[in-house]
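Engineer: My structure is below; once you've seen it, I'll send some questions.
The values are calculated or read from the model by the stated rules, or taken from the named source; none is laboratory data. Since this is a predicted model, take the numbers as computed values, not measurements. Don't worry about glycine lacking a Cβ; one is built from the backbone with ideal geometry, like all the others, and counts go over all protein chains shown. Note: accessible area is taken over every heavy atom of the protein model, side chains too, but ligands, DNA and RNA are not part of it. Shrake-Rupley method; radii C 1.70, N 1.55, O 1.52, S 1.80 Å.
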Amino acid sequence: MSDCIFCKIANGEIPSATLFQDDDFRVILDVGPASKGHTLILPKSHAANIYELDDELAGKAFILAKKIARKLSEGLKCDGMNIIQNNGQSAGQTVFHFHMHLIPRYEGQDIGIEWHHAELKQEDKEEIMKLFS
Ligand code: 5GP
Ligand code: ZN
């Protein structure tokens, strides 16, 4: 994708604070961090979102996320870690090249990752369970 900024970053055409890279991924610091150590995992090949992502890469991405999260957590001595991945504008995606966010969390620092809990409606439960039956 010639106009995709994360393709350019992942493939080294645009410089980034790179923590790790291999044949498939580049791991960079987010330029607008939600917390100290906010990191992004970018595949080097373009997929707009998780639905387009190759199965093998999807598996590798999660294994890599585990490795990077552990290293960040030990190095930064954070108290927790959110691993978040947005698909679609309504879900907060702003760059349409698949990426995973690793967001270190620190006790007492509210960075606003939260949602309001509703009650599970019977009709919704039935509709959704039918999708998998
Ligand atoms: P999304 O909202 O799509 O899940 O996440 C996009 C993330 O990419 C945001 O956290 C944003 O700060 C980060 N970002 C956008 N442009 C750049 C860039 O040019 N360089 C880096 N390092 N991060 C970027
Ligand atoms: Zn791309």
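Engineer: Roll a 1.4 Å probe over the protein chains and send me the accessible area per residue for the stretch 30-133 in Å².
Structural biologist: Each residue of the stretch 30-133 exposes 71 Å² on average to a 1.4 Å probe.
Engineer: State the Cα centre-to-centre distance between the stretch 101-121 and the stretch 46-69 in whole Å.
Structural biologist: 22
Engineer: Separate question: Lysine pairs, Cα distance under 20 Å, 8 or more residues apart or cross-chain: how many in the chain?
Structural biologist: 12
Engineer: Another one. Please label the shape of the stretch 1-126 as rounded, prolate or oblate, based on the square roots a ≥ b ≥ c of the eigenvalues of the alpha-carbon gyration tensor (a/c under 1.5 means rounded; beyond that, a/b larger than b/c means prolate, else oblate).
Structural biologist: Cα axes put the stretch 1-126 in the oblate bin.
Engineer: Tell me the carbon and sulfur percent of the accessible area for the stretch 16-108, rounded to whole percent, probe radius 1.4 Å.
Structural biologist: Here carbon and sulfur together make up 52 percent of the probe-accessible area.
Engineer: Here's another thing I want to ask about it. What distance in nm lies between label points placed 7 Å from Cα along the C-beta direction at Ile113 and Asp22?
Structural biologist: Between Ile113 and Asp22, the simple spin-label model gives 2.3 nm.
Engineer: While we're looking at this one, here's another question. On full extension of the chain, what length is gained from Ser45 through Ile5, given 0.36 nm per residue of separation minus the C-alpha to C-alpha distance?
Structural biologist: 13.2 nm
Engineer: Using the alpha-carbon atoms, what tilt in degrees (0 to 90, nearest 10) does helix 122-131 show relative to the longest principal axis of the chain?
Structural biologist: The helix 122-131 is inclined about 60 degrees to the chain.
Engineer: Calculated from DSSP H runs of 4 or more alone, at -39500 (n - 2.57) each and per residue, what is the 222 nm mean residue ellipticity of the chain, nearest 500?
Structural biologist: -9000 deg cm²/dmol
Engineer: Between 0 and 90 degrees, rounded to the nearest ten: what's the tilt of helix 55-76 against the longest Cα principal axis of the chain?
Structural biologist: 70
Engineer: Give the cysteines in the chain for which no other Cys Cβ lies under 4.7 Å away, or write none if there are none.
Structural biologist: Those would be Cys78, since no other cysteine Cβ in the chain comes under 4.7 Å of theirs.
Engineer: Also, I was wondering about something else. Out of residues 5 or more away from Phe25 or on other chains, whose amide H comes under 5 Å of its own, with H placed 1.01 Å from N in the peptide plane?
Structural biologist: Residues meeting the amide H criterion: Lys44.
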